[in-house]
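What follows is calculated from the coordinates using simple rules that are stated; it is not laboratory data. The structure presented is a predicted model; accordingly, all values stated were derived computationally and were not measured. Heads up, the Cβs are rebuilt from the backbone with ideal geometry, glycines too, and the neighbour counts pull from every protein chain shown.
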Amino acid sequence: MTSRETSIEIPLEELRQQRSAKWTAYPPDVIPAWIAQMDFRTAEPIKTALQEIVSQEDFGYPRREGQQPAVVLAQAFSEWMDKRFGWSADPALAVPVSDLAQAKFAAILAFSDPGDGIALQTPCYPPMLEAIRETGRRFIDNPLVDAGEGVTLDIDGLARAIDPGTRMILLCNPHNPTGRVFEEQELEALVALARRHDLVIVSDEIHQDLVYPGRRHMPLAALSAEAAKRTVTITSPAKSFNIPGLRCGVMHFGSQELKDRFHRRIPRRLLGQPGIAGMDAAITAWREGEPWLSQVLARLTEARAQFEAAVGTALPAVRWHAPEATYFAWLDCRDARLPTSAGDFFLKEARVAFSPGESFSPGYRDFVRVNFATSTAILQEIIARMGQALLRFAR
C-alpha cells in the first residue's frame, strides 16, 4: 500500500476522540463496525468549503452563485449523474432533502394511503421497513433469492405477492446489506412489473458511487422513459464522501407529473431544506471530490480482499458473497451454530459491534452486517477477534 493510500486512514486513537455515534455508542473495549460511516479523513475540498463558512461567519440567509443554493445543488447533482452514469437527470425535477429516511416517508405518504401494500426486497436497510410500518401501510415481503452464487431479485415471487391494493415498490440499489448491484435485466423486469400494476418505484441509490471493478451501477430512472416516469430516485453524497452528519440529499422525480403528484400531498415547505453547510459540502463533493473518491475506492477494494481472505481462513464457519458495492460484508453465520444471535455473540465474545442481521428482517438472526471501511490495522483486529471467539466456542 502506498503512502498516498494510507493517508486517508485515521488512527484508532483519533477515532476514539470523535463524538459520532459510531465511536461513542459502545464501551472503549468494543471495536465498532456497525453504522454506515467510514474511518477515513474528509476530502480536502469539503473541509475547505466548511471552513470558509466559519471564517466568513457566513451564517445568514444563503445565496450561492447568485441564486438559491437548492438550485446549485440540483445542478451539481445533475452534473454528477451525467459524469458518473451517463444519466441526464433534469435538475428542475430534483428536490433537496435533509434526510433520506424523511424522503422515503414523504414518498410513501404522497403515493399511497393507509392499508395500501408496499413491496420491499428483504433483508433490507431497517428505515425502509420502518417507513412502511410507521405510516400504516401494508408490508409486502419479497425476499431476495440466494441460489449459491449471490442474491437476485425474485421477480416471479413479487408478481405473486402483488395484489390490487399494492401501490409502490421500495428498491435499494446498490443493495444494503448484501452489497448487490442489480443487473439491467433484473431492473427492466422490475419496471415491467411496475408498469403492469401501475406502481411507483422509490429507488434508494445512496451507495451508487461505491461500486467495485467489474460491476456498473445503472440508475433505475435512466433505463427508459417508462422507468423514469414512475421512479423517484433518492440519493446523496453522504455515504460516498463520508458526510452523513451534514444532512443533505436529493429526491429526483422522473417526470414533472410525478413531481406534481408528490407535491399535491407534500407541500414544498413541509420538507424544509438542508442547512447551508450540508449543501455546500454536497455541491463541493459532486464537483471536486472525485479524486478523493477514487482513493477511497482503492482502499475499499483492498479491504474487501482482506475480508475475503479471512472468510476462507480465519473464519471458516462464515459464508458470504463478496459485495459488488458498498463497504459492507453480509455474513452468514448459520454453520457456526451460535448459541445466541450472531450480533449478540460477537459483541459479547469478540467485543466487536456489528449491525445485527435481525434488524434487516426478522429471519436473519444468524447474520451480521460488517462495516469494513476502516484501516488495515483495525480490520485485522476485527477479523482476529472474530476468529478467536469462534474458535473458543467450537471447543
Size of charge dipole - segment 185-269 - debye, nearest 20, with Cβ of Lys, Arg +1 and Asp, Glu -1, no other charges:
400
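For segment 46-97, report the translational diffusion coefficient in µm²/s to the nearest whole number, using Stokes-Einstein at 25 °C, 0.890 mPa s, and a Kirkwood Rh over Cα pairs. Walk me through the intermediate numbers first.
On the way: Rh = 12.5 Å.
It diffuses with D of about 197 µm²/s by this estimate.
Suppose only helical runs count, i.e. DSSP H with n ≥ 4. What mean residue ellipticity at 222 nm does that imply for the chain under -39500 (n - 2.57) per run, divided by all residues and rounded to the nearest 500 deg cm²/dmol?
-12000 deg cm²/dmol
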Note: segment 49-288, point scatterers on Cα, Debye, no solvent; log10 I/I(0) at q = 0.09 Å⁻¹ equals -0.37
Per its Cα gyration tensor (rounded if a/c is under 1.5, else prolate when a/b beats b/c, else oblate), segment 100-233 is best filed as rounded
Charge dipole (the chain, unit charges on Cβ, about Cα centre) - positive-most of ILE140, GLN56, ALA303:
ILE140
Between ASP260 and THR152, what is the label-point separation in nm under the 7 Å Cα-to-beta-carbon projection?
4.1
Report the Rg/Rh value for segment 55-139, based on alpha-carbon coordinates and the Kirkwood definition of Rh.
1.11
To make sure I understand, if each residue's beta carbon is the centre and we count other beta carbons within 10 Å, what order do TYR212, TYR364 fall in, fewest to most?
TYR212, TYR364
Local electrostatic count at PRO114 - Lys and Arg +1, Asp and Glu -1, tallied over other residues with Cβ under 14 Å
+2
Charge dipole magnitude, Cβ of K and R +1, D and E -1 - segment 49-288, Cα centre, debye nearest 20:
560
First obtain the Kirkwood hydrodynamic radius of segment 220-333 from its Cα pairs, then insert it into the Stokes-Einstein equation at 4 °C and 1.567 mPa s, and state the resulting D in µm² per second as a whole number.
75
Over the chain, calculate the relative contact order: mean separation of alpha carbon pairs under 8 Å at least 6 apart, over the residue count, as a percent.
21
Hey, which of these cross-link pairs are over 31 Å Cα-Cα: LYS22/LYS229; LYS239/LYS259; LYS83/LYS259?
LYS22/LYS229
The Rg/Rh figure for segment 163-261, Cα atoms and Kirkwood Rh, to two decimals is 0.98
In Å and on Cα atoms, what radius of gyration and Dmax does segment 259-386 show?
19.5, 56
